[in-house]
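To start, the structure under review is shown below, and the notes come after it.
The values are calculated or read from the model by the stated rules, or taken from the named source; none is laboratory data. This one's a predicted model, so the numbers in the text were calculated from it and none came from an experiment. Every residue, glycine as well, gets a Cβ built from its backbone with ideal geometry; the counts of neighbours run over all protein chains shown. Just so you know, the surface numbers come from the protein's heavy atoms only, side chains and all, with ligands and any DNA or RNA stripped out. Shrake-Rupley method; radii C 1.70, N 1.55, O 1.52, S 1.80 Å.
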Amino acid sequence: MMNIVAAIKKLLGINRDMINIILFGPPGSGKGTQAKKLVEKFGLVHISTGDLFRHEMGNDTPLGKQAKEYIKKGELVPDSVTIGMLNNKVNAHPEAKGFIYDGFPRTIPQAEALDEMLAGRGQAINGLFALTVDDNEIVKRILSRGETSGRADDLDEEIIKNRIEVYKENTLEVYDYYNTQDKAVSIEGLGSIEEIASRLQAAVNTTV
Ligand code: UDP
Ligand code: MG
């Protein structure tokens with residue numbers, strides 16, 4: 001029976017066995033930490049666009065220089081730049097059985113571009129998992145992360161507040177975009193790392 005299903009999927013160019021998960025939430029909500037847990041559990045490739053930018057900045061590449069102008073102010077890097085970088089990263093992992101997108105998409109056009117890219121591969125987003133954490137807790141967490149992260153954008157309260165503003169202004173609506181596709185799930189982001197990891201795992205398990 002499974003063979004027939006697999007054959008039909010192949011004929012139709014549908015590759016829904018691939019898992020594509022968005023880890024969503026405000027800055028400092030624990031996406032990076034929880035992405036690592038999901039990678040261990042589900043064997044997916046983790047893509048953090050923020051980490052990719054920091055890598056480019058660390059190597060002082062043209063892309064890194066461009067990104068830095070936005071990141072140091074807590075603004076968003078333009079969609080075309082971010083989407084291009086994301087595409088390259090996905091293309092670099094033909095062996096992957098799926099991906100966790102962390103910190104992407106951050107705008108509706110990015111979400112549309114991601115859906116289009118996946119559709120072109122016969123794939124789709126399985127689910128968007130949103131970690132909810134209130135603003136006060138976020139500022140506290142990012143400032144304490146700033147003591148060791150080496151990130152200039154984690155040290156300045158004004159930049160952090162701007163990142164939260166940008167999140168509310170441009171990014172939050174990505175939740176609604178996937179909610180209208182019945183793919184968005186909210187997860188309480190307060191608690192121990194292990195507690196939140198098991199909440200997330202349970203939620204992901206119902207979608208894959
Ligand atoms: N950034 C961006 N687009 C992305 C990812 C990151 O413009 O897709 C920029 C943005 O300026 C953001 C910063 O990089 O404030 C840090 O992003 P990251 O996701 O690492 O931070 P987090 O929100 O997880 O604290
Ligand atoms: Mg992050």
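Some notes on this structure:
- Ranked by the mean number of other Cβ atoms within 10 Å per residue, highest first, peptides 30-36, 115-121 order as 30-36, 115-121.
- Estimated FRET transfer efficiency (Arg151, Val5; beta-carbon r; R0 35 Å; 0.05): 0.15
- The base-10 log of I(q)/I(0) for the chain, evaluated at q = 0.18 Å⁻¹, reads -1.41 [Debye formula, identical scatterers on Cα atoms, solvent excluded].
- Relative contact order of the chain, defined on C-alpha pairs under 8 angstrom at six or more residues apart (%): 31 percent
- What the Cβ-Cβ distance of Asn162 and Glu195 gives, at R0 = 35 Å and to the nearest 0.05, is a FRET efficiency of 0.70.
- Taking 20 Å as the straight-line reach from the Cα of Lys41, the aspartates and glutamates in range (excluding those fewer than 8 positions away in the same chain) are Asp17, Glu95, Asp102, Glu188, Glu194, Glu195.
- Value of [θ]222 nm, deg cm²/dmol, for the chain, DSSP H segments ≥ 4, -39500 (n - 2.57) each, nearest 500: -17000 deg cm²/dmol
- With every protein chain in place, the range 39-141: carbon and sulfur % of accessible area (1.4 Å): 50 percent
- Accessible area (Å², per residue) of the chain, counting only protein heavy atoms and a probe of 1.4 Å: 52 Å²
- Peptides 78-87, 52-61 ordered by average Cβ neighbours within 10 Å, highest first: 78-87, 52-61
- For the range 46-118, the C-alpha radius of gyration divided by 2.2 N^0.38 Å, with N the number of residues, is 1.08.
- Gained length - Glu40 relative to Asp134, 0.36 nm times residue gap less alpha-carbon distance: 31.1 nm
- Between Glu169 and Gln66, the C-beta separation translates, for a Förster distance of 22 Å, into a calculated FRET efficiency of about 0.55.
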